[in-house]
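Let me begin by presenting the structure, written as structure tokens, before commenting on it.
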Amino acid sequence: MASSQQQQQQQSTRTNSFRNPAAAPNSTGPQLRSSSGRYRYASRDESEMSDIMSTADFPVSGEFLNPYTVHIPPTPDNQPMNFSGPTAPQQASQQFVSSAIFTGGYNAITRGHIMEKHPEHGQQLLTGPSTCGVRGCDQLAMRDEQGNEIHPCECGFSICKECFIDAVSNGGICPGCKEVYKEEEEEDDERETESKTKALTPTSGASAATTTATAKADPRRLGSRKNTMIVKQSEFDHAQWLFETKGTYGYGNAHWPPNDYNFGPDADPPAFNERSKRPLARKSSIPAAIISPYRFLVLFRMVVLVLFLMWRVTNPNRDAVWLWGMSVACEIWFAFSWLLDQLPKLVPVNRHTDLEALKERFEKPGPNNPKGRSDLPGVDLFVSTADPEKEPPLVTANTILSILAAEYPVEKTACYLSDDGGALLTFEALAEAASFAQTWVPFCRKHVIEPRNPETYFALRGDPTKNKSRPDFVKDRRRVKREYDEFKVRINGLPEAIRRRSDAYNAHEEIKAKRAQIESGRDVTEPLNIPKATWMSDGTHWPGTWTVTSSEHGRGDHAGIIQVMLAPPSSDPILGTPDTSTIIDTTGIDTRLPMLVYVSREKRPGYDHNKKAGAMNALVRASAIMSNGAFILNLDCDHYIYNALAIREAMCFMMDRTGDQICYVQFPQRFEGIDPNDRYANHNSVFFDVNMRALDGIQGPVYVGTGCCFRRTALYGFDPPRVKDRGCCGGGRKKTSKTKSIEDDDVELQLLPKRFGNSAGFAASVPVAEFQGRPLAEQGAKNGRPPGALLAPREPLDATTVAEAIHVISCFYEGKTEWGQRVGWIYGSVTEDVVTGFRMHNRGWRSIYCVTKVDAFHGTAPINLTDRLHQVLRWATGSVEIFFSRNNALFANTRLKFLQRIAYLNVGVYPFTSIFLVVYCFLPALSLFTGEFIVQTLSTTFLVYLFVITLTLCLLAVLEIRWSGITLDEWWRNEQFWLIGGTSAHLVAVLQGLLKVVAGIDISFTLTSKAAGDEQDVYADLYIVKWSALMIPPITIMLTNLIAIAVAVSREIYSEVPRWSQLLGGVFFSFWVLCHLYPFAKGLMGRKGRAPTIVFVWAGLLAIIISLLWVSLRNPSGANNIGGGFQFP
């Protein structure tokens, strides 16, 4: 108990309450020289620890005498103070936010723990020789973003940031002239109005309706945006636009005719010089020469299937009715399943974007925008991770670096990392990534690097100097490559560094406790109860998950954590200057970095945290408080931005004339590290290039969990503007109804706390996000915003804002709200992505499928057979849960289009095909064992039907390959794994789903490992055989068919009257099954046939059982047949 009190006293010396960010400890005590070369004052615990380590018999290396430093870079955004924008106290508050880690939660005080920052590892150092004028302080004086020294007082006294904060907290008296600091006068009326209307958001107890009403009066204000005047919308000439663009209206795009209009021999085409008037996106239909035969074949095959099934029902096999009945039931279900899969493919489309038009419309300098600031809306990027062991920090760091280097306005970009495991390893890896970004991002901008994931870029083969014009590229690349190698060493060494640091601090605590025990005269043999804590670099306990789990420091029990690694940047570019101390020459290159935030939501026992969906909803709320981007792009930790213009591609759809009806833009998933043959169909080419492209022609693709750009208000559960209600099943007369706006309905404002929770700050952000996401009014949008409304600079973050963000990520915040039910990611399914997208489509929103020329994102996929089966099992289990829930497409309302309803119905139905598929795979073997067949005789009618059905299937595949761009090999691999997954994972998913529905047994899944198996062989994981019970059904099917072929051939050879036609039919279908299972059999063999022993054991056991069952069931009486008179004893 005494040691616990001592620990609290020690931590209180390093902890400041968020309510008084200026209260910093006095600089007294022994000095320690940091690794950056400057002196800093050590705390009492550090000096005491140095004394104890020097005298105690304890084997600790000297590196622990100087505390380990988290490398949070002193970027130009979070160090200097600029008096041209916010006042000095506001800048000081923002610097406090960017240098403190905030913690809090249920029944806990929100606190800000100051973290030290040192410009190490090649970071840009601040220039200027002036130091602080306060006696006894050797820190550098405050400077602005260009490195010029600034003076808070008119006397010109030089002062550092820490001393200025102390002076302000002690009455605001200048240490030089002893006069009170004067507030800087505003330069214009707009800034004066902004300062008057600005108010800190209360953390609790405030009325959300009142705050939202304030935001309602100024809907364009984004917490960080200045107030602007509303411009009256001008009338838009639709006919003139159609004539000028030669287009027709579409959803979020315009459709260009394939041929140009003919204006006659004497007429000139209309002038079209202003690119800003062109639509930002357009769609093109599949050529009629491909899509018309495709639709005809679909209709023709439907008719043939109906006729075939009618013939099969009316022509039973009297000799084997049981075999005939099972086959007919399976064939009817297969026809129904094929129909559900095929109907949504009838209207595929292609889409194209115009990035130049986007730039001209939103970023072109003009009289109202002389500096050429961007009028694009803000985008918040979410990266989610949960376990640093299965999701390596280096992979996550590379994803973060690709985001920070993306080609989107820096001041409009904010990146949030959700660490649902609360691991210190992830936290410090992110700090290292923020440090290395200071070098990597300017390098990418200077030399137009693609891709902007350093691991992928430096691994590219070929000439790196291709298309590079700058003469210093080779030198810069060599230097950055060396820095990246050191960065990897630091990341990979973090686990050991954290362990050694924690061991040293824990040993120090034990020594102190033992000394206190001796001095108090207690029994020295009494064991000490000292927790094995995980320590941060500044000598304080990590508030998240400890390596050795303890109370309030476990994976499911820790405080909420927010750390602003990189503060919001300034609105104007900060160009680099010639500086020999930097890694590369950044002269003329914008050196700003986007806002970067570490978030770990609070977790406590007894609360349902709802896995990934709950973590994403926590990010939605925290980002709404801190940056409130109108759009949200979510990525998995192993999916990085491969195309730096990907965000702009999404904005082309969202900011187009009818873009306000789009809820999200889904990008296809592309994978790296897949074996060249794609043995287990990891690329999912048929799904991403056929099914998803076809859905884009109806109401939009389904949401697949990553690589998706959301409209924030669509996630909030609001209906789209101008929603269309249809009749039953999508038919009937369309009725357009105008959706109620949250800005005009006071009743909605009163309901916001019940829907979103008791955060007044969050409620105020809702109408702001809705306004920012609107297209421009001057382009003909019916619900547009005036141009230039988003040009105002961002306000700096303050401690109160971050404290409010801590409040909204607490474990109790979602209680009695609609989070997870109607708002945000939907709970209750392991495939929360599909359910979330379904809810949006069901409210009348539509989505867009954006296939870019250069892949937008790249990720990794499991190439190991067992991992792949477990991944498919999780997806199929989620589909079964959807089928048995209210999210079943059968219960959708009339806003969901008919073919879209069919597609979602197929999502919930497809796992049940496995029941019929397993039965059908055993039918050839049963036919060979019994000598019977599914039909009475192999008649000409049956063979003709079989031939036509197979031929139409092949022709449809060829046409799908033509309009989708996939290859025949990819199509065949998909067919093979459809049977592999259907006979293993899908079958188990159905059983698990039924257990959950009937018995209430919840199924939990583990994360798919993203770690590489062998750096020397990227495909080493492909040959690793991990035994799983999912392998038993396919193995049984293979052995049964192989044994059946051998038995049938032997029987016909020794038979007096052989029936080769029956044998031929059974062998053909068995061969069809075995061809589909070939990749599975190859995977079981491992590398060079090194299959595990259990595979042979199961194979032999199943072979014996199947053989004995056949002999027992047949029980032949004569000696002419195989088996003689064998009988079981």
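The values are calculated or read from the model by the stated rules, or taken from the named source; none is laboratory data. It should be emphasised that the depicted structure is a prediction, and the values quoted were computed from it without experimental measurement. Ideal geometry is used to build each Cβ from the backbone, glycine not excepted, and the neighbour counts take in all protein chains shown. Accessible surface areas use protein heavy atoms only, side chains included; no ligands, DNA or RNA. Shrake-Rupley method; radii C 1.70, N 1.55, O 1.52, S 1.80 Å.
In a fully extended conformation the segment linking Val997 and Cys177 would gain 287.6 nm over its present Cα-Cα distance, using 0.36 nm per residue.
When only alpha carbons of region 908-963 are considered, Rg and Dmax amount to 15.3, 45 Å.
Given a Förster distance of 45 angstrom, what is the FRET efficiency for Ser1055 paired with Leu340, based on the Cβ-Cβ distance and rounded to 0.05? Calculated transfer efficiency: 0.55.
Applying 0.36 nm per residue to the separation of Asp675 and Cys137 and subtracting their alpha-carbon distance, the gain on full extension is 187.7 nm.
Lys612 sits among other residues whose Cβ lies under 10 Å from its own Cβ, and their net charge, with Lys and Arg +1 and Asp and Glu -1, is -3.
Spatial offset of region 499-516 relative to region 939-1002 amounts to 61 Å, using the alpha carbon center of each. A Förster radius of 51 Å, combined with the Cβ-Cβ distance separating Ala1081 from Thr941, puts the computed FRET efficiency at roughly 0.90. A cut-off of 5 Å between modelled amide H atoms, ignoring neighbours fewer than 5 places along the same chain, links Thr131 with Ala141. Dipole check for region 762-828: with +1 at the C-beta of Lys and Arg, -1 at the C-beta of Asp and Glu, and the Cα centre as origin, the magnitude is about 260 Debye. Distances between placed amide hydrogens fall under 5 Å for Gly629 paired with Asp380, all partners being 5 or more residues away or on another chain. Sorted largest first by accessible area at a 1.4 angstrom probe radius, with every protein chain in place, the residues Trp322, Trp535, Trp971 fall in the order Trp322, Trp971, Trp535. For the residue pairs Lys512/Lys532; Lys1026/Lys1082; Lys364/Lys853; Lys371/Lys782; Lys161/Lys412; Lys390/Lys996, the alpha carbons lie more than 18 Å apart in Lys364/Lys853; Lys371/Lys782; Lys161/Lys412; Lys390/Lys996. If a spin label sat at a point 7 angstrom from the Cα of Ala289 along the line to its beta carbon, the backbone N atoms of region 951-989 nearer than 17 Å would be those of 958-965. So what's the gap between the Cα centers of region 547-620 and region 415-494, to the nearest angstrom? Here the two parts' Cα centres lie 17 Å apart. Full extension of the chain between Arg499 and Ala329 yields a length gain of 55.1 nm, computed as 0.36 nm times the residue separation minus the alpha carbon distance.
Accessible surface ranking for Thr399, Thr940, Thr967, 1.4 angstrom probe, highest first: Thr940, Thr967, Thr399.
R0 = 56 Å: FRET efficiency of Thr314 with Ile1104, Cβ-based, nearest 0.05? The pair Thr314/Ile1104 has a calculated efficiency of 0.85. A simple spin-label model places pseudo-atoms 7 Å from Cα toward Cβ; at Lys481 and Phe458 they are separated by 0.9 nm.
When +1 charges are put on Lys and Arg Cβ atoms and -1 charges on Asp and Glu Cβ atoms, the dipole computed for region 271-358 relative to its Cα centre reaches about 320 debye. Each of Glu356, Glu932 has its accessible area taken with a 1.4 Å probe; listed largest first, they run Glu356, Glu932.
Whole number please: convex hull volume per residue of the Cα set in region 444-507, in Å³?
Convex hull volume per residue, Cα atoms: 98 Å³.
For region 321-334, putting each phi into the Karplus relation 6.51 cos²θ - 1.76 cosθ + 1.60 with θ = phi - 60° gives couplings of 5, 4, 5, 5, x, 5, 5, 5, 4, 5, 5, 5, 5, 4 Hz, in residue order, rounded to whole numbers and with x for Gly and Pro.
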